[in-house]
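Participant: I have a structure here, written as structure tokens, and I will follow up with some questions on it.
The values are calculated or read from the model by the stated rules, or taken from the named source; none is laboratory data. Just so it is clear, the model here is predicted, and its values are computed rather than measured. Neighbour counts run over all protein chains shown; Cβ positions are idealised from the backbone, glycine included.
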């Protein structure tokens, strides 16, 4: 098979790209699912199932079924007429994530698995760029809270665009740590990573989105923390003078950038808008379940001015009940703890997956994939679980790069 971008065969690359572009109409997801079935068909009998894979796959499958079976909306706007969730639409939005997990299990190469998720992230970025162009053409600035769908020509909200634009720069950084560890030895790869970072920043700047700004700070902290841990485990002495100079330089660059943008709407949102609503969502959810988990939590619409918790985990509980929430909590807790355990055992591959997982978790507690345009995020969320259960130190030693 010929290989193109990210070291992937052509068909795998385009499958990932189309999966990342997502739900444009009913035809595209059906075509993508057909490609998945064809890609999985030959490799499925050779999957080496173990306890980790069985438990994680079962939780994903149960979440898909429970989300549909137990779907309700306890609090809805008056103008909405609730008739239940559309099984066909629900399946077309979620099955790409389920099939991604199985597809990753069929791939023998770690590079293929990681490259596939990068190609999915690239599809998300392509979608975000096209949405950005359409929005800039259709609306006048500022663009915060505005979006214009380039395909079905409908107006919407901007956070879906910026969330999808955040994934590729972070995923590329996590899967290719050489771009910041040895940038001069990997100059072209590092320049490509830098271009992705600036593209993500520009889209977030246009829509005055704060999340990516915070994620940059969080990722700098994670990189330093993981490098300290790696050096400590290997017994490498750290040159604190170099560390202080590098840290001070990064801090000055951030401060200079903030000063240069001090009059922008983005900085205004960061400095002058409080985050009480986000905190209230958490307090509201836990106030709902403090006397019992097995309920359908309701949002305090008077204080939140919204009908959602804006949190994937909480909203799964709100819309589809406790059993659905439990399957999602189990999936995340099991895969996250497994990645963390292997990381602290010295598995640097799992460390990269844990790094990316933390970022996706932070995005998940601010968005609602099934009730918004961000359903592609579930592919990455489930895909990371696939990476975690298929890759360990022992498999790393056996796998080749192709």
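Participant: Could you please find all residues in the range 113-137 being farther than 20 Å from residue 195 by Cβ and surrounded by 21 or more Cβ atoms within 10 Å (Cβ to Cβ)?
Facilitator: 113, 116, 135, listed by residue number.
Participant: Let me ask something else about it. Whether any residue in the range 223-244 is modelled with pLDDT of 75 or more, touching a helix residue (DSSP H, G or I) at 6+ places or on another chain (Cβ under 7 Å) and closer than 21 Å to residue 366 by Cα is what I want to check.
Facilitator: Checked against the condition, which is being modelled with pLDDT of 75 or more, touching a helix residue (DSSP H, G or I) at 6+ places or on another chain (Cβ under 7 Å) and closer than 21 Å to residue 366 by Cα, the range 223-244 yields no hits at all.
Participant: Return only the number of the condition from (1) touching a helix residue (DSSP H, G or I) at 6+ places or on another chain (Cβ under 7 Å); (2) over 24 Å from residue 61 (Cα atoms); (3) modelled with pLDDT under 95 that residue 342 does not satisfy.
Facilitator: (3)
Participant: Of everything in the range 366-377 that's surrounded by fewer than 23 Cβ atoms within 10 Å (Cβ to Cβ) and part of a helix (DSSP H, G or I), which residue is modelled with the lowest pLDDT?
Facilitator: In this case the residue turns out to be 371.
Participant: Sticking with this one: Name every residue in the range 1-46 that is within 23 Å of the chain's Cα centre (by Cα), surrounded by 12 or more Cβ atoms within 10 Å (Cβ to Cβ) and assigned to a loop (DSSP other than H, G, I, E, B), in order of residue number.
Facilitator: 8, 22, 23, 24
Participant: If a residue counts only when it is surrounded by 14 or more Cβ atoms within 10 Å (Cβ to Cβ) and without any contact (Cβ under 8 Å) to a residue 60 or more places away in the chain, which helices (runs of 4 or more DSSP H) contained entirely in the range 273-350 have at least 3 such residues?
Facilitator: Because the criterion is at least 3 residues that are surrounded by 14 or more Cβ atoms within 10 Å (Cβ to Cβ) and without any contact (Cβ under 8 Å) to a residue 60 or more places away in the chain, the helices (runs of 4 or more DSSP H) in the range 273-350 that meet it are 276-289, 312-344.
Participant: Is it the case that residue 24 is closer than 13 Å to residue 99 by Cα and touching a residue at least 24 places away in the same chain (Cβ under 8 Å)?
Facilitator: For residue 24, the condition - closer than 13 Å to residue 99 by Cα and touching a residue at least 24 places away in the same chain (Cβ under 8 Å) - is not met.
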